[in-house]
Protein chains: 2
Amino acid sequence: MEDVLTISETAARSGFSASALRYYEREGLIDASRTQGGQRRFRRSELRRLAFIAAARHVGLTLEEIKEALSLLPAERTPTKADWTRISRSWRHRLDDEIGALERLRDGLDSCIGCGCLSLQRCRLSNPNDIVADRGSGAVFLPEPLHPPSVERQ
Amino acid sequence: MEDVLTISETAARSGFSASALRYYEREGLIDASRTQGGQRRFRRSELRRLAFIAAARHVGLTLEEIKEALSLLPAERTPTKADWTRISRSWRHRLDDEIGALERLRDGLDSCIGCGCLSLQRCRLSNPNDIVADRGSGAVFLPEPLHPPSVERQ
DNA sequence: GTACAACTTGAAGTTGACTTCAAGTCAAGA
DNA sequence: TCTTGACTTGAAGTCAACTTCAAGTTGTAC
């Protein structure tokens, strides 16, 4: 076993595609040295970074957020288990929030199905912010969009 | 109150932007008649369709799926409450599945933070399919990607 | 030394769900 | 009638996270 890996070896071991690895390197999420001929060689420690990236992606973080998280790792020494644990601890809250939002949506759906309304005036499911209806009720069903591309301004 | 609405009235009442309404019409999700001059006029019943679309978007359906769902509505008569209820009932399962996936992820995260591993060989959080590790263990942590843009084909 | 798979680059393409733009037309109040 | 805001269209732009492509270079097994 050599102590550096080619891009295809790294791809096979990390589960990312080679083009994704090139993209991550270009974006500054991972690092690679080069051969004299210019080919990438990845240190094994990059596999751990990639594992972190994979996990963070599963949690729903954007690459920008992941990059920021990775920048919190110590530069002068090899990150320890405790370092990795520290920067991933906040995911727990994020997941709890996401689960909570989905549960509120599901419960709202139950009542909507019960009444069959789907009314813009009354149904919180389709009108989370009570845009049209009674503005006195402060109840906001979904404080922010659950799925990224679903909110419009105007 | 007139019985048809302009695009900006419809936008205000539905919460969608005017450009989104044009887009939905072009994609065949909603319908509009025209004035002699060519301007759109929306029947009030379209507001209910739009309420459905808004709710379905919150549940995470794509426009394509929503279009398919809407095509199940009866064409020859005005949809009843029961019609709307019927086609939105399946959302419940979808939400349950999504919630379940997130909960499994959260619980996996807890054990990962506990051990601090984040190892490609051992950690199911970053290596959901056990690509590198022991292939004997049939346990698959996340059977499919939770967040759309996170899977690559080799 | 040769073959050939694996690698390199920059540029362009992909996806979904819109938004923005430019240039022109319509509707309605005074 | 005039004005002006609302409306129309098609085309192009946006976003993230990559993938695909073309054309050329490198590494290595024989």
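The Cα-based radius of gyration of the range A:5-103, divided by its Kirkwood radius, gives an Rg/Rh of 1.02. Taking the alpha-carbon centroid of each part, what is the distance from the range B:1-28 to the range B:49-70 in angstrom? So the separation of the two Cα centres works out to 15 Å. Once the Cβ-Cβ distance of B:Gln39 and A:Asp107 is raised to the sixth power relative to R0 = 35 Å, the FRET efficiency obtained is 0.30. Straight-line cross-link reach from B:Lys67 at under 29 Å between alpha-carbon atoms covers these lysines, not counting any fewer than eight positions away in the same chain: B:Lys81.
Relative to the other identical copies, B:Asp96 shows label-point distances of 2.6 nm, where the label point lies 7 Å from Cα along the Cβ direction and values run shortest first. Within 10 Å of the Cβ of each residue in B:106-112, the mean number of Cβ atoms contributed by other protein chains is 4. Projecting the Cα positions of A:His58, A:Leu29, A:Ser8 onto the charge dipole of the range A:1-72 (unit charges on Cβ atoms of Lys, Arg, Asp and Glu, taken about the Cα centre) puts A:Ser8 furthest along the positive direction. Per residue of B:12-21, other chain Cβ atoms within 10 Å of the residue Cβ number 4 on average.
Just so you know, all these numbers are worked out from the coordinates, no wet-lab data involved. All values reported here derive from a predicted model rather than from experimental measurement. In this analysis, Cβ positions are derived from the backbone assuming ideal geometry, glycine residues included, and neighbour counts consider all displayed protein chains.
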